[in-house]
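S.K.: Handing you a structure now.
What follows draws every value from the coordinates through simple rules; no lab data is involved. Please read all numbers here as calculations on a predicted model, not as lab measurements. Positions of Cβ are backbone-derived with ideal geometry, glycine not excepted, and every protein chain shown enters the neighbour counts.
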Amino acid sequence: MNPLRNSADLVEAHLVVIAGGPEGKPALDPGVLVGYRPGRRVDDLTLRLGPRAHLRSGTVIYAGSTIGADLQTGHHVIIREQNTLGDHVKIWNNTTIDYGCRIGNRVKIHTNCYLAQYTVLEDDVFLAPGVTIANDLHPNCAYSAECMRGPTLKRGVQVGVNVTIVPMVTIGEHSLIGSGTVVTRDIPPYSLVVGNPGRVTKRVTELTCTTGVAPSGHSFRPYAHLLGGGASYSGAVDTVDSDSEASESEKSDSGEQR
C-alpha cells in the first residue's frame, strides 16, 4: 500500500512508489507536493522515493525521478523530473534542482542554490549557500538544446558561498573552490581555486588552518588526510596575490538544517 495514498499533499498518488514499506514512510510537513506532473513530455512519470525521506514545508518533488534513502529537504525546495539522487542527500531552503541531473550519495546542497539541467555531482560533494551552476554556453542559440550540459563535480568537491560554475567544465575530486569564485575551465583534482576567473593556487593538502583551534594550532592542515587516500596533483599552480588567496579560500559549513 502506498503510504501517501490518502495524503492531501500528494498530487497524483499512482505516480509515486515509496520504498521500504511502512517503516520507510516519509515524514511530510504540511504544504509538501509529491508527484507533481511536469509540463514537458516525460516517458516515465514514476517517482521512486526511497525510504525515510523528511520533506519540509514548501518542498515540491516532480514525478519522474529516482531518489535514494533518507532524503532531507529544507523549506521551498524544488526537485524537477528525470533526476537521479543517491542516498543521504540533503538539500536546504530555496534550492532548485532542475531536470536531468545526477547526484551521488551523501551530497549536501545548502540554501539558495541552483543546479542547471544535466549537472553531475558525485558522492560527498558539498555546495555552500548561493552556488549557481549554468549549462548553456550560448543562450538562445538555435542549437542550445542539443549542446546543453552542466558541469561535473567529481567526488568530494567542496564549493564555497556564491560560487558560479559555467557549463561543461569538470572539477577534479576533492578540490576546494573558494567563496565568490567563477569557475570557467577544468580543474585538476585536489586543487584550491579562487578568484574570477578561478585560479589554482595550491594543492588542498597544503592548505593550513588560520583559526588556531586545532591542537596543532596554525600548522593544522584540514585536508592532509587526503594524502593517505592516494591524492595526486597534475595541474599547474597559477600566480595569485597572497592576501586575496587568504580571503577568498575560506569555506564555511553552517551545519545541519534546524
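S.K.: Kindly provide the set of residues from the range 151-182 that are surrounded by fewer than 24 Cβ atoms within 10 Å (Cβ to Cβ) and either touching a Cys at 6+ places or on another chain (Cβ under 8 Å) or in a strand (DSSP E or B) (or both), ordered by number.
M.R.: Result: THR152, GLN158, THR164, THR170, VAL182.
S.K.: Conditions: (1) surrounded by fewer than 21 Cβ atoms within 10 Å (Cβ to Cβ); (2) among the aliphatic types (A, V, I, L, M); (3) closer than 21 Å to THR170 by Cβ; (4) touching a residue at least 40 places away in the same chain (Cβ under 8 Å). VAL120 meets all but one. Number of the miss?
M.R.: Unmet condition: (4).
S.K.: May I ask you to verify whether ASP98 is over 23 Å from ASP136 (Cβ atoms) and touching a residue at least 12 places away in the same chain (Cβ under 8 Å)?
M.R.: So ASP98 does not fit the description; no.
S.K.: Give the residues of the range 51-66 that are closer than 15 Å to ALA27 by Cα and of a type in the set (A, V, I, L, M), sorted by residue number.
M.R.: Correct list: ALA53, LEU55, VAL60, ILE61.
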